[in-house]
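Colleague: Next up is a structure, given as structure tokens.
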Amino acid sequence: MVKMLKLYDEGKYVEPMRETIYEKSDGGFNIGIDIRNQSDILQIGKLVEKKEAKNLGRYSDNRIWYWSKMRLI
């Protein structure tokens with residue numbers, strides 16, 4: 001019985017992916033990226049490699065927070 005209920009409810013309660021948030025801060029932006037947003041994660045990763053962005057070490061509301069002088073494309 002429980003197995004049937006799991007299959008019936010599967011995929012019903014998945015949250016949609018959230019938009020990337022930009023907050024102005026100290027000559028740049030605090031950028032909050034949803035952990036499911038692969039394209040933005042890859043872009044910010046390239047900026048971190050070039051040392052044009054840095055990880056703030058914060059994780060909240062299913063977002064990873066970074067600081068950068070520029071917005072993502």
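Colleague: Say we look at the range 28-58 and pick out the residues that are touching a residue at least 24 places away in the same chain (Cβ under 8 Å) and in a strand (DSSP E or B); which of these is surrounded by the most Cβ atoms within 10 Å (Cβ to Cβ)?
Modeller: Among residues in the range 28-58 that are touching a residue at least 24 places away in the same chain (Cβ under 8 Å) and in a strand (DSSP E or B), the one surrounded by the most Cβ atoms within 10 Å (Cβ to Cβ) is 31.
For every residue, the table says whether it meets (1) surrounded by 12 or more Cβ atoms within 10 Å (Cβ to Cβ); (2) at pLDDT 95 or above.
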position	(1), (2)
6	no, no
13	no, no
17	yes, no
20	yes, yes
26	no, no
62	yes, no
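Colleague: Going by the structure shown, is residue 9 without any contact (Cβ under 8 Å) to a residue 12 or more places away in the chain and out of contact with any strand residue (DSSP E or B) (no Cβ under 6 Å at 6 or more places or on another chain)?
Modeller: Yes; evaluated as a whole, the condition is true for this residue.
The values are calculated or read from the model by the stated rules, or taken from the named source; none is laboratory data. Note that this is a predicted model, so its numbers are computed, not measured. FYI the Cβ positions are ideal-geometry reconstructions off the backbone, even for glycines, and counts take in every protein chain you see.
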